[in-house]
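The values are calculated or read from the model by the stated rules, or taken from the named source; none is laboratory data. Quantities reported herein were computed from a predicted structural model and do not represent experimental measurements. With ideal geometry, Cβ positions are generated from the backbone for all residues, glycine too; neighbour counts draw on all protein chains shown.
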Amino acid sequence: MQRLAQAPNIAIAAFWVDALRHAGIDASVQRYFLGAAAGELPPDQCLPEVWLVHDAQEAPARALLHELTHAPQRRWLCACGETVEGGFEACWQCGLPMPG
């Protein structure tokens, strides 16, 4: 087994593991419950980790993790003149839907 990454929280760690498993890469979350010890232990030592079951899958796992952590952000200009960033599909200013 090999540690692939340290996640900022358990939800992201679980998402990464699910995406890896969906791609056929065996992975697991370690330190799942250690967040409760933060304060008694250094916080950076309590973050959840993603581990690979098979070391031979490291290259495709790192490539997929890079894609997941560097997803492009959308940016579009609404008819009202507001710039909308991120995953929003409607303008926060006027409520118009994102153009097709």
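Look through the stretch 36-59, keep the residues that are surrounded by 13 or more Cβ atoms within 10 Å (Cβ to Cβ) and under 18 Å from the mean Cα position of the chain (by Cα), and return whichever of them is modelled with the lowest pLDDT.
Taking the candidates together, the pick is Cys46.
Across the stretch 60-79, what is the number of residues that are among the polar types (S, T, N, Q) and at pLDDT 95 or above?
Here the count works out to 0.
I'd like the residue in the stretch 42-64 that is in contact with a strand residue (DSSP E or B) (Cβ under 6 Å, 6 or more places away or on another chain) and hydrophobic (A, V, I, L, M, F, W, C) and, out of all such residues, is farthest from Ser28 (Cα to Cα).
It comes out as Cys46.
Looking only at strands (runs of 3 or more DSSP E) that lie completely in the stretch 19-88, which have at least 1 residues being farther than 15 Å from Gln6 by Cβ and not β-branched (Val, Ile, Thr)?
Those strands (runs of 3 or more DSSP E) span 75-77, 83-85.
Confirm whether Arg31 is surrounded by 14 or more Cβ atoms within 10 Å (Cβ to Cβ) and either within 13 Å of the chain's Cα centre (by Cα) or more than 29 Å from Gly87 (Cα to Cα) (or both).
yes
Could you grab me the full set of residues in the stretch 1-18 that are part of a helix (DSSP H, G or I) and either of a type outside the set (D, E, K, R) or in contact with a Ser or Thr (Cβ under 8 Å, 6 or more places away or on another chain) (or both)?
Of everything in the stretch 1-18, those that are part of a helix (DSSP H, G or I) and either of a type outside the set (D, E, K, R) or in contact with a Ser or Thr (Cβ under 8 Å, 6 or more places away or on another chain) (or both) turn out to be Ile10, Ala11, Ile12, Ala13, Ala14, Phe15, Trp16, Val17.
Can Ala79 be described as within 30 Å of Met98 (Cα to Cα), surrounded by fewer than 12 Cβ atoms within 10 Å (Cβ to Cβ) and either polar (S, T, N, Q) or under 17 Å from the mean Cα position of the chain (by Cα) (or both)?
Answer is no for this residue.
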